[in-house]
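What follows is a short report on a single structure.
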Amino acid sequence: MPYDYEALEPYIDGETMRFHHDRHHAAYVNNLNAAIGRHPQLVNQSAIALLSNLDSIPEDIRSIVRNNGGGHVNHSMFWEIMTPKGGGAPTGNIATAINENFGSFAVLKQQFNDAGLKRFGSGWAWLVLTKAGKLEVTSTPNQDSPFLTGDFPILGNDLWEHAYYLKYQNLRGDYLNAWWHVINWAEVNKRLEMAIAS
């Protein structure tokens with residue numbers, strides 16, 4: 001991670017970050033590497049490339065790549081789009097794009113939080129750039145990545161209980177609201193640029 005475990009407090013506690021990064025994310029990486037190791041022709045492909053072409057993955061590891069590759073890609077983005085002393089209103093091109101697609105940042109936040117609250121069980125809430133070039137709020141189950149459907153994730157929040165339960169217990173809405181205080185808008189702008197270029 002590009003900051004200390006405790007750096008996002010009081011919004012996300014250090015114990016959660018340590019457990020989340022060192023155990024959950026590490027498990028996805030280890031499981032993905034073990035599966036890919038059984039098919040050497042895949043070793044030089046990025047996790048995003050694997051997810052984007054899931055139908056071409058050998059059937060014996062396809063679900064492992066979907067779940068653990070998705071977990072790795074999702075979490076790698078998650079750590080980067082948060083920062084100490086982040087939050088506030090978006091700036092730069094992402095601010096313009098949000099206003100064009102949603103009318104205002106407030107509308108985006110409401111739609112995003114609603115998607116997070118309505119996701120039953122574990123999953124993610126997303127702001128994606130669709131194949132049609134439009135920003136859209138979506139949600140996926142488990143560790144499914146927007147790359148599976150050809151969308152590019154710009155912003156995403158982990159809705160698995162391990163991401164928030166130590167601090168927020170079953171109050172997912174409180175976690176969703178607090179999370180906006182740590183968004184790294186500079187990194188989100190970089191992701192938007194990458195999405196447009198891809």
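Enumerate the residues in region 141-185 having an amide nitrogen under 14 Å from the point lying 7 Å beyond the Cα of LYS118 toward its Cβ. Answer for region 141-185: 141.
Other residues whose C-beta falls under 13 angstrom from the C-beta of GLY133 contribute a net charge of -1, scoring Lys and Arg +1 and Asp and Glu -1. Each residue, ASP4 and LYS131, gets one label point 7 Å from its Cα in the Cβ direction; the gap between the two is 4.6 nm.
So, counting K/R as plus one and D/E as minus one, what does the shell of residues with Cβ under 13 Å around THR149 add up to? Once all neighbours under 13 Å are counted, the net charge is -2. A simple spin-label model places pseudo-atoms 7 Å from Cα toward Cβ; at VAL43 and SER76 they are separated by 1.8 nm. Taking a straight line from the alpha carbon of LYS134, these lysines sit under 19 Å away, with near neighbours fewer than eight places off in the same chain left out: LYS109, LYS190. Charges were assigned to the Cβ only: +1 to each Lys and Arg, -1 to each Asp and Glu. The resulting dipole of region 13-80 about its Cα centre is roughly 140 debye. May I ask for the net charge around ASP55, where only other residues with Cβ less than 12 Å from the Cβ of ASP55 are counted and Lys, Arg are +1 while Asp, Glu are -1? For residues surrounding ASP55, the net value is +1. The coefficient of translational diffusion for the chain, derived via Stokes-Einstein from the alpha carbon Kirkwood radius under 20 °C and 1.002 mPa s, stands at 125 µm²/s. With the simple spin-label model, which puts each label point 7 Å out from Cα in the Cβ direction, the THR91 to LEU171 separation comes to 3.1 nm.
Dipole check for the chain: with +1 at the C-beta of Lys and Arg, -1 at the C-beta of Asp and Glu, and the Cα centre as origin, the magnitude is about 240 Debye. What you get for region 93-197, charging only the Cβ of Lys and Arg (+1) and of Asp and Glu (-1), is a dipole of about 60 debye around the Cα centre.
In this structure, GLU15 and ASN142 have a Cβ-Cβ separation that, at R0 = 22 Å, corresponds to a calculated FRET efficiency of about 0.40. If the chain linking GLU100 and SER63 were pulled fully straight, counting 0.36 nm for each residue of separation and taking away their Cα-Cα distance, it would gain 9.6 nm.
Computed from the coordinates by the stated procedures, all read-outs in this text should not be read as laboratory data. In this text, all values refer to a predicted model and were calculated from it rather than measured experimentally. Virtual Cβ from ideal backbone geometry, glycine too; neighbours counted across all protein chains shown.
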